[in-house]
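What follows is one structure encoded as structure tokens, with my remarks underneath.
Where a number appears in this text, it was derived from the coordinates with a stated rule and is not lab data. Only a predicted model underlies this, so the values are computations on that prediction, with no experimental measurement involved. Every residue, glycine as well, gets a Cβ built from its backbone with ideal geometry; the counts of neighbours run over all protein chains shown.
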Amino acid sequence: MVRNIAKDIDPGQPSVERVALVTGASSGIGAATVRSLRERGYLVYGAARRVSRLTALEAEGMRALAIDVTDDAAMSGGVERVLQETGRIDVLVNNAGFGAYGALEDVPMEDGRRQFDVNLFGPARLIQLVLPTMRAQKSGTIVNVSSIGGKIYGPLGSWYHATKFALEGLSDALRLELAPFGIRVVIVEPGAIRTEWNTIARENLIETSGDTAYAAIAHRVRDVLARADAAEHGSDPRVVAEAIGTAVTARIPRARYAVGSGARSAVLGRRLLSDATLDRIIGRNMGTRD
């Protein structure tokens, strides 16, 4: 699948070491992306809330940053450290995120706001912090890891889908806004990927709505998510990491890379099907419609 999305690699890239910052680097897509970029010659800073989980990647040559993307001081300090040590930032991969699943009626507003803080406002703030350097360099690539959940939707995922739809809109506007400065903006839309995200989303779903008026729907949606996470259905995180590596080294990257199990068919379905038809298909799949 990765070979099918490969673009022409720029043979004229300078030999000077390029610098990348990857959030959510402690596992899954983030950890795989760190390795993918290092294989392509980047000096990579990996950020996570708990740096203790970055030990293995540090042993491989990554530089660890303690960054919570809801903490402005931590984000500012992390970017400042990268610039002090290297003087440049060539790639920002906004990968940190989670899914606050549950019925809208059941999810406390505080949790909804945190979903936006992590999935949208954190990435936006990091972009603000790296842009002065990228503009001065007249180059840079920003990769926002969205989801097919930023294109299609499902019951009990309203907060999560809202953040990913918003991230897609932010990225589209930025792509035009930053083009005059030589800065590229890429959206990556993973499908079903085997990571901790799925387990956390399922647990959150049942904790929030497992014994409410939405309990029957919650358990059906939990089962659908579990099937997507199974080895025979979900894709390895390296599929997404390779797409990110391809995008940042491409002479002209795509605006979007839909990768992983079910991603392309989901995006195509959104493009071709009416809302009513898509509602029926998703509702039947999730068990909310006959």
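In table form, for the structure just shown:
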quantity	calculated
5 angstrom amide H check on residue 212, placed H, neighbours 5+ away	none
Label-to-label distance, nm, for residues given as residue 206 and residue 114 (7 Å Cα→Cβ offset)	2.0 nm
Highest-first arrangement of 79-91, 20-32, 136-148, where packing means the average Cβ count within 10 Å	20-32, 136-148, 79-91
Highest-first arrangement of 153-162, 242-251, where packing means the average Cβ count within 10 Å	242-251, 153-162
If the convex hull is drawn through the Cα atoms of region 163-290, its volume per residue in Å³	134 Å³
Computed E for residue 39/residue 139 - FRET, C-beta separation, R0 25 angstrom, nearest 0.05	0.75
Distance (nanometres) between label positions extended 7 Å along Cα→Cβ at residue 216 and residue 230	2.4 nm
Estimated vicinal HN-Hα couplings, Hz - region 176-185 in sequence order (Karplus 6.51, -1.76, 1.60; Gly, Pro = x)	7, 5, 9, 4, x, 9, x, 9, 9, 10
Residues with amide H under 5 Å from that of residue 193, placed H, sequence gap 5 or more	235
Added length on full extension, which subtracts the Cα-Cα distance from 0.36 nm per residue, residue 179 to residue 265	28.0 nm
The chain: calculated mean residue ellipticity at 222 nm from DSSP helix runs of at least 4, using -39500 (n - 2.57)	-15500 deg cm²/dmol
Charge tally in the Cβ shell below 14 Å around residue 146, where Lys, Arg are +1 and Asp, Glu are -1, residue 146 excluded	+3
Beta bridges by DSSP in the chain, antiparallel share as percent, to the nearest 5	5 percent
Gaussian network model of the chain, Cα within-10 Å springs - most flexible of 124, 276, 73	276
